[in-house]
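*Asks:* Handing you this structure, nothing more for now.
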Ligand code: AMP
Ligand code: ZN
């Protein structure tokens, strides 16, 4: 089965309809670009792009350029969220503010990931769309599952899958926008090859700030594992899912500070912001 057929099958099995309104979270990298390209090619009609300009110097400038180019190529609308304009600072500045006050214990990618997720959900909700599609691939998913195991928290995997599993019954009232991962079963090297063969406008270099994450350690640990074995990790996880779900952590609530979906009373993003502010206040 080629990549297009595999993605088509994944989306069909996940129950995503051709007329559903889907916002593709476009980073400028190969994965999300291939996800958007294939969604369009397979015949999903209501898709648009959403890009967060993280303002990480030249890297972000290039990502933005490629995303604009891709959207023109696919003839889709593109919304750009500029962190500096909307939140007062770019990712580097925001992150170093948090890290300097937490003894550098929180890693770059952990902070960036939490903030990007928060922005995506909030902004896409304003657009009144059905789904957020991301470029997460088979390698990402095998890494996440193993990370949760190594951290002793397999229950954090209870929501993993090609489509969010915690979709509330009353979708209209919920503030959580379900996620879909069209490339869930596609290995990263296959995506890179496909992107190059289609000559997609893509930034192939990774983010210059991704230096020290736990995910990077797991990624190198998985480097010598075949794609078949990566698939086995994900497939085994799917078999274990019913049992993992029984140990699931508390239901989704809303954050007391910002009102966004959260696993606890205060969401991860607001907890990071508190670290930044509390210490400032103590210094005065
Ligand atoms: P990452 O957290 O960098 O591994 O990215 C995971 C997914 O999040 C990507 O495949 C994209 O769909 C989305 N994403 C990452 N960075 C951005 C960004 N700057 N703007 C919009 N979506 C993004
Ligand atoms: Zn919050």
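The values are calculated or read from the model by the stated rules, or taken from the named source; none is laboratory data. Remember, predicted model here, so these are calculated numbers, not experimental data. So basically every Cβ, Gly included, is an ideal-geometry build from the backbone, and we count neighbours across all protein chains shown.
*Asks:* Select from the range 48-78 the residues that are touching a strand residue (DSSP E or B) at 6+ places or on another chain (Cβ under 6 Å) and either part of a helix (DSSP H, G or I) or touching a residue at least 60 places away in the same chain (Cβ under 8 Å) (or both) and list them in ascending order. Lay out the reasoning, then the answer.
*Replies:* Kept after step one, since they are touching a strand residue (DSSP E or B) at 6+ places or on another chain (Cβ under 6 Å), are these residues of the range 48-78: 48-53, 60, 64, 67, 71, 76-78.
48, 50, 52, 60, 64, 67, 71 - these are the residues of the range 48-78 that are touching a strand residue (DSSP E or B) at 6+ places or on another chain (Cβ under 6 Å) and either part of a helix (DSSP H, G or I) or touching a residue at least 60 places away in the same chain (Cβ under 8 Å) (or both).
*Asks:* May I pose another question? Check the range 117-131 and report whether any residue there is within 16 Å of ligand 2 (Cβ to nearest atom) and closer than 30 Å to residue 228 by Cα.
*Replies:* Scanning the range 117-131 turns up at least one residue that is within 16 Å of ligand 2 (Cβ to nearest atom) and closer than 30 Å to residue 228 by Cα.
*Asks:* Every residue in the range 19-46 that is within 19 Å of residue 195 (Cα to Cα) and part of a strand (DSSP E or B), please.
*Replies:* 24, 25
*Asks:* Quick one: would you say residue 56 is surrounded by 14 or more Cβ atoms within 10 Å (Cβ to Cβ) and either within 16 Å of ligand 2 (Cβ to nearest atom) or at positive phi (or both)?
*Replies:* In short, no.
*Asks:* Separate question: Would the range 91-98 turn up any residue that is surrounded by 18 or more Cβ atoms within 10 Å (Cβ to Cβ), under 15 Å from the mean Cα position of the chain (by Cα) and within 9 Å of ligand 1 (Cβ to nearest atom)?
*Replies:* no
*Asks:* Residues in the range 79-99: is at least one part of a helix (DSSP H, G or I), modelled with pLDDT of 95 or more and in contact with a helix residue (DSSP H, G or I) (Cβ under 7 Å, 6 or more places away or on another chain)?
*Replies:* yes
*Asks:* Mind listing just one residue for me: the one in the range 104-121 that is assigned to a helix (DSSP H, G or I) and modelled with pLDDT under 90 and, of those, surrounded by the most Cβ atoms within 10 Å (Cβ to Cβ)?
*Replies:* 108
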